[in-house]
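The structure follows.
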Amino acid sequence: MGNGARQDDSARGTATMAAPPCVSTDAVARRAVARDWGGQVGVVPAFVARPRTEAEAQEAVNWAVEHDLPWVPRGQGHSCGGRAQSEGVVVDLSGLDAVHDVGPDFVTVGAGMTWSQVLDVAAEHGLAPPVITDHPHLSVGGTLSLGGVGGTSYRHGAQADSVVRMLVLTPGGRVVRCGPRLRSDLFTSVLGGSGTAGLILRATLRLVPAPAVVRRVRLTVGGPRALVEAQRELLGDEKPDHMQGLVQVVDGGWRHRLDLAEFVDEAAGPSWVSGGRPLPAGLASRVEVAERSRHSHREFVHRGAADEARLRETGDWDAPHPWAAVFLPDAHAEDAVADILDGLTPRLLGEAGLVLVYPLRSIMLRAGRPALPQGAVVWLCALLRSAPQGDPAAVSDMEADNERVHRITAGVGGTRYRIGAH
Ligand SMILES: Cc1cc2nc3c(=O)[nH]c(=O)nc-3n(C[C@H](O)[C@H](O)[C@H](O)COP(=O)(O)OP(=O)(O)OC[C@H]3O[C@@H](n4cnc5c(N)ncnc54)[C@H](O)[C@@H]3O)c2cc1C
């Protein structure tokens, strides 16, 4: 954000003298925000702002604007491609984590709060966000700036669709309220706007009743086409609450899985998800049941915690992640997913990598830049690559493969999801 001007030493010197208290030149603090999840871009900023209040955030941005310094908002830094990096001022919003208000079906929080924290606040009131990303420790501002989708997005849209209103700091440093009917242009461009249209200070988020129990079934699927076809069968009457297709490298080959869950109360009877009832006919011919389980909603949201601990132990959590993520039009989903996955090798995904394939609907992302492809339903295909540490050749091969994925996507009228490394 900002005017992109490079600051020279004299400008930095003048700026440092007048800097507000939340702005620091501490080398450790600056290095801490010089990297992101992708690990391909490393920019050490001249300054880091760590506001604890909205007034401090405004003060820091106004100061950056006044001194002609480029600035960028940052949540948890879990994006790729240097989106939350700047050579000027990185405004680290993790201190804006206050709960401002909770109502019967909403919560208003600081944009630096993580979704895991939002979940905990909502749960105290028997509520939950309708969509939570697979890794729940991402900031509200960070995911709303890109979209934020999950296994419930074919029912509820993106996280951006759950925003009722926002308090935004404009690139010029003004604090403005916006919503679907109040400065709707600003509202639309900030949601999914990659932090370029304004800094989200606080957001009012729609909540839904929290499920008492989550019943989960994991199914083994024959291949890429069947992964799309099986989910397509479920877009009709037999909708589970959560649906994600996953492709992983197992013992050097591919494993295709469908992860389904239903959100129910304690007294719910048997269903095809929990067992005791046959799978829907269109599904039964395409899948085999691998595993069934039952969880609290919190356990389900944190279902990736064991994998995260393992990846931290092996060092893969901190490895380069040259991700590619695209939205495909419904009409070409089977062909495009098959094309993308047929050209993928285990080395190009990485042992710790994962591909996600699932359908979703979203009004806010449709209005954003770039818009979603045509059609009520679109398909996410996300290649969550993980390169071995210290292997630049693997990273550049993955980057080249991202170009292949983007060509296939453009050829069928798809668009890129900005969580990727492009
Ligand atoms: C392990 C993992 C799992 C993930 N799972 C999912 C998933 O299931 N679904 C999904 O959709 N995405 C997923 N993502 C991608 C993730 O949603 C995005 O990368 C998101 O931006 C990360 O949030 P963050 O707080 O780390 O944002 P950052 O990386 O800090 O910032 C991302 C972008 O948002 C901007 N920004 C940050 N805060 C604000 C703000 N307050 N106001 C305006 N702009 C701001 C930044 O400038 C930057 O452009 C995952 C990422 C990881 C690493």
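The values are calculated or read from the model by the stated rules, or taken from the named source; none is laboratory data. Given the structure is predicted, the values throughout are model-derived calculations rather than measurements. FYI the Cβ positions are ideal-geometry reconstructions off the backbone, even for glycines, and counts take in every protein chain you see. Side chains are part of the model used for accessible areas, which takes the heavy atoms of the whole protein and leaves out ligands, DNA and RNA. Shrake-Rupley method; radii C 1.70, N 1.55, O 1.52, S 1.80 Å.
Given (1) open to solvent by 20 Å² or more (accessible area, probe 1.4 Å); (2) part of a strand (DSSP E or B), where does residue 217 come up short, assuming only one miss?
(1)
In the range 336-352, which residues are open to solvent by less than 30 Å² (accessible area, probe 1.4 Å) and within 24 Å of residue 374 (Cα to Cα)?
Keep residues of the range 336-352 that are open to solvent by less than 30 Å² (accessible area, probe 1.4 Å), which gives 336-338, 340-341, 344, 348-350.
Within the range 336-352, 336, 337, 338, 340, 341 qualify.
Name the residues in the range 186-214 that are within 16 Å of the ligand (Cβ to nearest atom), open to solvent by 20 Å² or more (accessible area, probe 1.4 Å) and either among the polar types (S, T, N, Q) or more than 16 Å from residue 74 (Cα to Cα) (or both), would you?
Residues satisfying the conditions are 186, 188, 189, 194, 196.
Which members of the range 372-411 meet the condition of being surrounded by 15 or more Cβ atoms within 10 Å (Cβ to Cβ) and in a helix (DSSP H, G or I)?
Matches in the range 372-411: 394, 395, 397, 398, 399, 401, 402, 404, 405, 406, 408, 409.
How about the range 251-286: which of its residues are modelled with pLDDT of 95 or more and closer than 26 Å to residue 348 by Cβ?
Passing the criteria: 254, 255, 256, 257, 258, 259.
Pairs under 7 Å by beta carbon, first residue more than 19 Å from residue 155 (Cα to Cα) and more than 12 Å from the ligand (Cβ to nearest atom) in the range 114-140, partner in a helix (DSSP H, G or I) and not hydrophobic (A, V, I, L, M, F, W, C), six or more apart or different chains?
Hits for this filter: 123/298.
Now a separate question. Which residue, of 313, 299, 351, is closer than 30 Å to residue 214 by Cα, free of Cβ contacts under 8 Å to residues at least 12 places away in the same chain and away from the ligand (no atom under 15 Å from the Cβ)? Reasoning before the result, please.
Numbers: 299 fails: free of Cβ contacts under 8 Å to residues at least 12 places away in the same chain; 351 fails: free of Cβ contacts under 8 Å to residues at least 12 places away in the same chain.
Criteria check complete, one pass: 313.
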